[in-house]
Amino acid sequence: MRWERLFSDLEGMADEQDRAFLESEIADRVRRELARVELSDRLRANDGRICLVLRGGRMLSGDLIDAGADWLLMENREQVLVPLHAVMEINGLGRAVAAPSDMRKRLSMSHALRVIARHRVPVAVEDEMRRVRTGTIDIVGADFFELAGHAPDVPRSARYVQGVKIVPFSAVVAVTTLANQRNSSAESSALWGDSAR
């Protein structure tokens, strides 16, 4: 009788150890998987309203439309391109994760700015000191762009351009497309058609 109880106790302990080992192994695998998740994958898996706190303290709320390797696109009244380096905090982002995409990882900030430049849409460029410059993006390099400064309600022409500034990506907190200043809202939404999910 005592032997049966002893074997039963040993069997119970072995089952408990196996269960604990399995739970530990599962938890370890989950941690390893989560360690590989990039913010851009979380952003791409979520849509809906989010609130950002940007460098310089600006709060920006809107619908998350798209995300690339190092940027996100939101819409409130206008469409706002935000480099991820400018984001200090995100509220309202779900826990879903999109499958990693090699193509999406190649859609960098320079790609997003080239879409804007190609459409010749006036923009407002904000830096972390909350200074805003308006104009049209003429040229996009690997880590900078040229902004021809002019009022948002006039076309980009030599007559209206007040100067051309080189803006490093690292200085940018937000780029707001001002398509509604001169164009229809249909043109504004068509702007991102070739980079939309």
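Charge dipole (Cα centre; +1 on Lys/Arg Cβ, -1 on Asp/Glu Cβ; no other charges) of the chain amounts to roughly 1100 debye. Here r is the Cβ-Cβ distance between ARG5 and ARG32 and R0 is 41 Å; the resulting FRET efficiency, rounded to 0.05, is 0.50.
Computed from Cα atoms, the angle from the helix 109-119 axis to the main principal axis of the chain rounds to 40 degrees. In sequence order, region 145-158 has phi-based couplings of 9, 9, 10, 7, x, 7, 5, x, 9, 10, x, 7, 9, 3 Hz under the Karplus curve 6.51 cos²θ - 1.76 cosθ + 1.60, θ = phi - 60°, and Gly or Pro positions carry x. Residues whose amide H falls under 5 Å from that of VAL154, counting only those 5 or more places apart or on a different chain, are absent, with hydrogens built in the peptide plane.
For the pair region 136-165 and region 75-104, the centres of their Cα atoms are 26 angstrom apart. Summarised in one figure, the compactness ratio Rg/Rh of the chain, Cα atoms and Kirkwood Rh, is 1.28. On a 0 to 90 degree scale, rounded to 10, what angle separates helix 2-35 from the longest Cα axis of the chain? Computed tilt is about 10 degrees.
Counting only helical runs of four or more DSSP H residues, what would the 222 nm mean residue ellipticity of the chain come to if each run contributes -39,500 (n - 2.57) and the total is spread over all its residues?
Numbers: 6 runs with 67 residues, N = 197.
Result for the chain, helices only: -10500 deg cm²/dmol.
Of the peptides 17-26, 141-150, 121-130, 157-166, how do they stack up when ordered by the mean number of other Cβ atoms within 10 Å, highest first? It would help to have the intermediate numbers written out before the result.
Values: 17-26: 10.0, 141-150: 16.6, 121-130: 19.5, 157-166: 11.5.
Top to bottom by mean Cβ count within 10 Å: 121-130, 141-150, 157-166, 17-26.
For ASP66, the amide hydrogen comes within under 5 Å of the amide hydrogens of LEU73, counting only partners 5 or more places away or on other chains and with H modelled in the peptide plane. The protection proxy used here, the mean number of other Cβ atoms lying within 10 Å of each residue, ranks peptides 43-51, 86-94 as follows, highest first: 43-51, 86-94.
Values quoted throughout were computed directly from the atomic coordinates according to the rules given, and no laboratory measurement underlies them. Just so you know, these numbers come straight off a predicted model, no measurement behind them. So basically every Cβ, Gly included, is an ideal-geometry build from the backbone, and we count neighbours across all protein chains shown.
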